[in-house]
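The values are calculated or read from the model by the stated rules, or taken from the named source; none is laboratory data. This structure is a prediction, so every number in the text was calculated from the model and none was measured. So basically every Cβ, Gly included, is an ideal-geometry build from the backbone, and we count neighbours across all protein chains shown.
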Amino acid sequence: MFWTDWGSTPKIERASMAGLNRTVLVDLTNSSQIWPVAVFVDYTEDRVYWIDAYDDVIDSTDLHGQNRRKLSDSVHPTRNILPFDFTVYDDTLYWGDWNSDTIEKLNWTTAEYLGGFGVLTSDRVFGLGLLDKSRQPAAAGKKIVFYNYNFCYK
């Protein structure tokens, strides 16, 4: 598992699912990134990405904390964002933005801003989840389906 820790000692960490072998992948203490709010693991590229709400950047490292690479210096052209959570599907990164109460989009391979969905809520977007049949294991014998905006198992 991977997670972010922000505040006086911001960092990106990992551990086994049992909580063992806790490791700091990236120590952000001496950087301008102080609010790393969410992580995404790309297992095809073996990289961990995070979005920093203070600097409005997307940064990454490999699964061992080496080969750090910044994807974008500025996620949004107005630089007036406060991203809280994000998810990735194909080449598109989606994030929930606390300043605009919207879900915004970015091509995460080119760092091109793709716009947003407009105001979706009268409060903040706290988390994003993405469902697609490519992310559902067929061998499990159950598929998640939608029925009148409610979830059910079939």
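Here Asp27, Asp46 are screened, and the one residue that is among the acidic types (Asp, Glu) and under 27 Å from Leu131 (Cβ atoms) is Asp46. Of all the numbered requirements in (1) more than 25 Å from Met1 (Cβ to Cβ); (2) at pLDDT 85 or above; (3) not in a strand (DSSP E or B), Ile81 misses one, and that requirement is (2). Which residue is nearest to Tyr49 (Cα to Cα), if the candidates are limited to segment 64-74 and must be assigned to a loop (DSSP other than H, G, I, E, B) and either of a type in the set (Gly, Ala, Ser) or modelled with pLDDT under 60 (or both)? It comes out as Gly65.
Which of the residues spanning segment 25-70 are farther than 17 Å from Asp5 by Cα and touching a Ser or Thr at 6+ places or on another chain (Cβ under 6 Å)? Scanning segment 25-70 gives Arg47, Arg68, Arg69. The single condition from (1) of a type in the set (Asp, Glu); (2) under 13 Å from the mean Cα position of the chain (by Cα); (3) surrounded by 16 or more Cβ atoms within 10 Å (Cβ to Cβ) that Asp55 fails is (2). Checking each residue in segment 98-115 for being assigned to a strand (DSSP E or B) and either under 15 Å from Phe84 (Cα atoms) or at pLDDT below 75 (or both) picks out Thr102, Ile103, Glu104, Lys105, Leu106. Cβ separations smaller than 9 Å between residues 6+ apart or across chains give the following pairs from segment 6-33 residues that are on the phi > 0 side of the Ramachandran plot to residues that are part of a strand (DSSP E or B): Asn21/Arg14. Picking from residues in segment 17-30 that are closer than 19 Å to Gln66 by Cβ and not charged (D, E, K, R), the one that is surrounded by the most Cβ atoms within 10 Å (Cβ to Cβ) is Leu28.
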